[in-house]
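The structure appears right after this line, and notes come after that.
Read the figures in this text as sums done on the coordinates, not as results from a lab. Everything numeric here is computed off the predicted structure, so don't read it as measured data. Backbone-built Cβ (ideal geometry, glycine too); neighbour counts: all protein chains shown.
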Amino acid sequence: MTPYDILHIENTLKETKIVVYRCDMKRILTGIKPTGVHLGNWMGAIKPSFELLSKYKDEPTEAFFFLADFHALNTCFDPIALKKSIKEVAATWIALGLDTKKHIFYRQSDIPEISELTVILSPFTPKGLLNRAHAYKAFVDKNRELSQSDTVRDLDDGVNMGLFTYPLLMSADILSFQADLVPVGEDNSQHLEIARDIAGKFNRNYKTETLKLPELVVRKGALLPGLDGRKMSASYNNHIPVFLPEKKLRKLIMKMTTDSTPPGETKKKDSNALFSFYSNFASNEQILEMEQKYAKGISWGEVKQEIFELVNEELKEKRDVYNHYVNSEKELEDVFKEGALKARLVSKKVLKEVKDLIF
Ligand code: TRP
């Protein structure tokens, strides 16, 4: 473990004092793009972050959670939609268990040091590294395929520099805070590798360890399938938002695709989307029971109903917290203000160290 400056906010009647003291601890950091949160984000990124915190509950840990609103800007140029999305995602995170007093919760765009570190790290980022990043490569591959029928098409059609440099900005998000552990979905593991590469290159050049190489934490177990059976993802448009009114949630779950095995006939559980969906939310006991029901020929409709009940049960009370925060702009602004204040105590210090090495 590394000695860190722990930030401790003391509220007295007269003033808010921030006390900084050194201690051995682990710093956990993760971000989420405010472009809506679906059940897959919850299972893949938010829940694992909380699980990680409880795993280390007897050790000093510090959690940095943030909204990656610059990353969202790559695809959302509508300020009203973006603002709405930021509120919804922040409210979702709080409703799912983020403790705004204990955890450091902020907007990426409120931390200018992240942008400055992005510029500083650009020369340490080989272009080839970003050429290989999968989101960018997917665009190029698609354009290459299309260009066979349309010869004027550019391989970079539809790619903006925000998309191309996404992994670089993400590296700065992480390295600005010297994070030890970064819980993310499997699809972000390449980004973590890139962050480590960039940090390594910088550190070797300046013979320093200022930029801490982050460790990836990926949740084990099945990915959450979306409505069409593929991995749940907003880009496949097969997702279920976390906080929907009960009726809408049920309606969406009922839309999940299945094969045509009739009621009464044994269902295969292996690589069955409904089964792995159910398993994501169920206890071991419930999973065993469902296995037996599959063997006995439960109908797909009944499986979906059980999925709905399970998910809804977990979300029922949290829905009230969500509704409170999503309608309290002022309260959220205060949370972000305090979060940025705390977070910047670290990012300013790291950036200063970095600049002192360079100039
Ligand atoms: N790329 C993450 C996502 O897919 C969001 C993100 C941006 C992030 N910066 C980060 C996650 C830094 C962890 C650490 O939503």
Flag if ALA172 is within 14 Å of the ligand (Cβ to nearest atom) and in a helix (DSSP H, G or I): yes
Options SER260, SER189, SER271; residue that is on the phi > 0 side of the Ramachandran plot and either surrounded by fewer than 19 Cβ atoms within 10 Å (Cβ to Cβ) or outside any helix (DSSP H, G or I) (or both): SER271
Do the conditions hold for ALA172, that is, is it free of Cβ contacts under 8 Å to residues at least 40 places away in the same chain, of a type outside the set (D, E, K, R), crowded, with 18+ Cβ neighbours inside 10 Å and within 23 Å of SER109 (Cα to Cα)? no
What's the number of the condition ASN143 fails, among (1) assigned to a helix (DSSP H, G or I); (2) within 12 Å of the ligand (Cβ to nearest atom)? (2)
